[in-house]
Each structure stands twice: as structure tokens, then as C-alpha cells.
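To start, the structure under review is shown below, and the notes come after it.
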Amino acid sequence: MRANSLALRLFLSATIWTAVILFITGVALSSIYQQSVERAFDRRLSVYLKTLIADVASPEEAGEKFGQLGEPLFELPLSGWYWQVTRLNAPRPDVRASRSLWDGSLPHLEDAGVVASNDGTRRSYVGGPEDQRLRLVERTIDLGEEGRYLVAVAGDPSEIDQEIRAFDKALAVTFGALTVVLLLTTLFQVRFGLAPLKRISESLAAIRAGTAERLQGTFPDEIAPLARETNALIDANREIVERARTHVGNLAHALKTPLSVIVNEASARSDPFAVKVREQTDIMRDQVARHLERARIAARASMVGTVTEVSPVVTALARTMEKIHRARGIAIDVDAPQEVRFRGERQDLEEMVGNLVDNACKWAQSRVNLEVVPARGDETQMSTVRLVVDDDGPGLTPQQREQVGNRGSRLDETKPGSGLGLSIVVELAQLYGGKLELGTAPIGGLRAELVLPAA
């Protein structure tokens, strides 16, 4: 999953929502369990409370067994389990308490503002002797003439804490495992759901690489319209290119005959007017040929899926140029990986590289190097192929390098040629989104570096 990808967005959003929902659920379950444990603990305290109320209501029957609740912890000093009975309307303080309370006392929840439940019982956490944390249950009873009493029972809530901690630990382990399972499920769903988009991407890459012509296969209902429209766009592009080629050919034939007639008529005369007509006709021929060639190349360059193997082209050109310049003994060394491919027409690559190699052979003393270097692109830049042509000739100054790119410009009239070679290379490279750079070769002469889009 790459940054800013649809898959990463879906996975992160699902992960965040899963984490939030599981966290809220875990907190809610922990709270519910805590309340359940507290209610169970309060029921236990309520049993002791009711036993004490029965003893207070029938002191004669309780006798010496008053406050004996069957729990040894009420006899153990500062055990955390206490009971206390306070007569509220006695003329002097009348408090009876468990032996475990020793010389301490329990606070009154009524004085602390704790609201009583429907049965008149108050429940809350309080601080006890020696700063102990206690769970306290108390109730006020009115025995009429025998007085009003506040009966309270307190217990150590460590049992509650231990139960809650054990539950939280089990809950964390369970939810942790559940989180992993849900994330794996989400990852599978994202990959499975976006698989058709990946297939479309791979099919488009195959079309651009020239190994396919259309999007093939069956796609889901949500993606099928995209595939149909893409195929329709590819077909329309091919039709436009074919029509452009046809129009270019028709225009070339339509202009060729009138220009030939004008040239023939002007050639039959030798007056200044005829000379001027021939001169302007040659310019017209050159301009028409130039712009028709640009239109033809532009149509080919815009075609999707046109790919050319680079190594066979440059190898064949090198052997041909060696034969042409055999009298001068020019050796051409070629270094071209087999897997490199140019995204364009073969004849255009031959014309560009041929002009560069031919120019290098004309000026070289004895050696020309031709190297093909692939450069892989990333998400922001396309892949390119660099064709570097070096010669061991005299080379060019920076001012001369700027001049040779102009159409028809020649630095040395003694060398054969029309002065159009490098300008044609520059125009062709620009139509493909590439460029031509001139510099100094390591072997002493001119370095021509052609950068073109790669498949």
C-alpha cells in the first residue's frame, strides 16, 4: 500500500474505526462488569445488614449473639470488614461496633449526601480506619419508642478490584486477538475489493507497453463502465490517428502536383521573376515537407501502445554506418541492453539515432561509442532511455552547440549534408516529450545525449 493510495485510505479508515469501536465496547463491557461485581458484593453486605437489623429489632432474642454474623473477619482487628450500629435519638452517644473496628468509627453516608435507594439503603465507597478503602452499606430503621438506629456494614473492596482487573486483562487479550483478526479481514477485503482496479491498471500498462490493444476480461458493475469508456477512448484515438495519416497523405499529394507545375513553368524561363518563383517554391516545398512530417510524427507519437526494441535498431544502424564510413576506418562500439524499449515508432528512432551516429562518424577520427542507458521512473516521472553518442573528433564550443540545433545551420561547408540532421533530431525528440543535449565526450569529441520515453 503506497502513500495516497485508495487501498491505504480504506485500510486506515477501517483500522481507525475498528480501534474506536473496540475501545468503546471494551470500556462499556468493563463498566458493566464492574457494576455487576459491585451489585454482587453489595448483596453480600446486605445479608449482613439485614442480620444486624434483625438483632437491633429483637435485642432480647439476639442476646450475647448480637452482631455475630458468622464471618470471622468481623472479629479480626482492622481486617477491613466492619459493622456499626448507632442510636440516633439517644440522650448520650450510643454506638455498638464490631471488634474489628477497634477504636475507630465508620462515616455516615447520609451526612455525606449519598442518596438512598428505594428500600432506604445507601451504598458508596468511603475511607475507613488506617485510610482503608471500604465499600459501605447503611440503612436507617425506626423502631418507634425503642428509637431510631443507623445500621452500617462495610467490607474490603479488594475483591471487586481483583475481579475487575482479571476481567479487564481477559478482555484486553480477547479484543487484541479480535483486532488482529479484523485487521487481517479488512486487509483481505481491501485487496479483494480493489482487485478489479489493479487489473485495469495492469491492462493499461500492457496497452502502453504494446503487449495488448484493449482492456480484456469481465469487471464488476461499478468498474465495467470505466472499462467500456476506456476501450472506446482507445478505439477513438486509433481512428483519429488513422484519419490524421490519411489527411496528411492526401494533403501531400494535393500540394505536390501544383508545386511541380509551378517549378516546371518557372524553369522554362530565366528572367528574374522566374528565378524568384523557383526560390520561393523551394522554400514552400521545404516548409510543406517539414510541417507534413511533423504532423505525421505527432500522430504516431500520440498513438497508445507503440513500442520499439532499442538494441536491434542501434546495432543495425552501427553496422550500416561502419560500412558507409569504411574508407575512413571508423569503429563503432555499441553497448545496448536487450530489455530496453522505446515508446514510439521504429522509423522515428532510426531517424534520430541514425542522424546522431552519422554526424559523429563524419567528424570522428577513428572511434564512435554508442551507449543505451535505461532510467526507471517513479510516480512523478516516467521511465526514460538515454542514448549517448560519443566521438573522438574536434568537438564543439558552447556557442557552436547552440548554433547547430538551428534548422539548416552548418558549421563546416566541406562536410557533406544539408544541415537538417540535428534539427530533425531535436524536433522528433520534442514531439515524444524527450530532448537532445550536447556536451563534451570523455574520448575528446562531441557527446550527443538523446533522452526519450521508455516502455
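Please treat every number below as a calculation from the coordinates, not as lab data. Just so it is clear, the structure is predicted and the values come from calculations on it, not from any experiment. When we count neighbours, we look across all protein chains shown, and the Cβ atoms used for this are built from the backbone with ideal geometry, even at glycine.
What are the GluC sites (Glu not before Pro) within region 334-373 that DSSP puts in a loop, where the Cβ has at most 11 other Cβ atoms within 10 Å?
When the GluC sites (Glu not before Pro) of region 334-373 are filtered for loop state and at most 11 Cβ neighbours within 10 Å, Glu339 remain.
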Under a Cβ-only charge scheme (Lys and Arg +1, Asp and Glu -1), can you give me the dipole magnitude of the chain about the Cα centre, in debye to the nearest 20? 2480
Suppose every Lys and Arg Cβ carries +1 and every Asp and Glu Cβ carries -1, with no other charges. What dipole size does region 159-274 come out with about its Cα centre, to the nearest 20 debye? 620
Can you tell me the length gained on complete extension of the stretch Thr397 to Ala54, counting 0.36 nm per residue apart and subtracting the Cα distance? 111.8 nm
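Please work out the FRET efficiency for the pair Val115 and Asn89, using the Cβ-Cβ distance as r and a Förster radius of 22 Å; give the result to the nearest 0.05.
The computed FRET efficiency comes out at 0.45.
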Please report, to one decimal in angstroms, the Kirkwood hydrodynamic radius of the chain built from all distinct Cα-Cα pairs. 32.2
Along region 389-397, what does the Karplus equation 6.51 cos²θ - 1.76 cosθ + 1.60 (θ = phi - 60°) give for ³J(HN,Hα), rounded to whole Hz, x for Gly and Pro? 10, 10, 10, 9, x, x, x, 9, 6
Taking placed amide H atoms and a strict 5 Å upper bound, the residues 5 or more places from Arg447 or on another chain that come that close are Gly439, Thr440, Ala441
Calculate the dipole size of region 7-162 relative to its Cα centre from +1 charges on Lys and Arg beta carbons and -1 charges on Asp and Glu beta carbons; express the result in debye to the nearest 20. 700
So what is the relative contact order of the chain, in percent, for Cα pairs below 8 Å that sit 6 or more residues apart? 10
Efficiency of FRET from Cβ geometry, Leu183 and Tyr33, R₀ 22 Å, rounded to 0.05: 0.30
Under the 7 Å Cα-to-Cβ spin-label approximation, Trp17 and Asn4 lie apart by a distance in nanometres of 2.5
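So what is the 222 nm mean residue ellipticity for the chain from helices alone, if each DSSP H run of at least 4 adds -39500 (n - 2.57) and you divide by all residues, rounding to the nearest 500 deg cm²/dmol? Mind dumping the intermediate values first?
Values: 9 runs with 233 residues, N = 455.
Only helices count here, giving -18000 deg cm²/dmol.
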If you filter region 161-218 for GluC sites (Glu not before Pro), then keep DSSP loop positions with at most 16 other Cβ within 10 Å, what is left? Glu213
Using 1/(1 + (r/R0)^6) with R0 = 35 angstrom and r between the beta carbons of Thr246 and Ala375, what's the FRET efficiency to the nearest 0.05? 0.45
With the dipole of the chain worked out from charges on the C-beta (+1 for Lys and Arg, -1 for Asp and Glu) around the Cα centre, which of Ala116, Ile16, Ser267 lies farthest toward the positive end? Ser267
Amide H within-cut-off set for Ser383, under 5 Å, with H built and near neighbours excluded: Gly377, Ala454
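How much length is gained on full extension from Leu259 to Asn231, taking 0.36 nm per residue of separation minus their Cα-Cα distance?
Result: 5.9 nm gained on full extension.
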